[in-house]
């Protein structure tokens with residue numbers, strides 16, 4: 001019996017160690033530092049919204065839907081319907097407000113504080129960057145602030161997966 005206890009302790013630590021790899025929910029600073037993306041779990045999928053902008057007041061001017069071109073970029077969905085595809089990896093789409101395009105994408109947790117995002121065109125022209133886990137920066141102070149609103153409110157606003 002005395003040899004079993006250290007083995008059980010070691011096994012429990014080994015089982016707990018990858019826990020961070022299962023949850024990318026939270027705030028992420030994009031690689032160039034111009035925005036933060038808040039990732040929330042909406043049932044079976046992860047969604048990400050712009051929760052902070054270095055230069056406030058951006059507009060979604062490149063959106064292919066003319067009715068959305070005047071909407072603020074703060075709060076728009078950027079990670080769309082990301083579903084688990086392997087441990088620590090999710091696949092879905094990413095909306096890029098800079099060009100108004102939506103790309104096939106994947107996210108992978110490299111470690112507890114680094115999320116790698118990669119978007120692809122035509123399935124083989126890919127580019128990516130690393131995001132860094134950070135703390136929320138309240139942007140508007142209102143109840144619907146994407147940095148501080150409850151995850152359920154964000155999922156509801158998105159229709160747990162609304163159109164971008």
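Please treat every number below as a calculation from the coordinates, not as lab data. Quick caveat, the model's predicted, so the values are computed rather than measured. Neighbour counts run over all protein chains shown; Cβ positions are idealised from the backbone, glycine included.
Assorted remarks:
- Extension gain, residue 111 to residue 96, is 3.0 nm, computed as 0.36 nm per intervening residue step minus the present C-alpha separation.
- Rounded, prolate or oblate (a/c below 1.5 giving rounded, otherwise prolate when a/b exceeds b/c) for segment 43-146 by Cα gyration tensor: oblate
- Hypothetical label at residue 130: residues of segment 85-110 whose amide nitrogen lies under 14 Å (7 Å Cα-Cβ projection): 108-110
- Take 83-93, 109-119 and order them by the average number of nearby Cβ atoms within 10 Å per residue, most first; the result is 109-119, 83-93.
- Going from the fewest other Cβ atoms within 10 Å to the most, the residues 79, 122 appear in the order 122, 79.
- The protection proxy used here, the mean number of other Cβ atoms lying within 10 Å of each residue, ranks peptides 31-37, 52-58 as follows, highest first: 31-37, 52-58.
- Per-residue packing, averaged as other Cβ atoms within 10 Å, sorts the ranges 147-153, 102-108 into the order 102-108, 147-153, beginning with the highest.
- Ordered by the count of other Cβ atoms within 10 Å of each Cβ, fewest first, 156, 139 give 156, 139.
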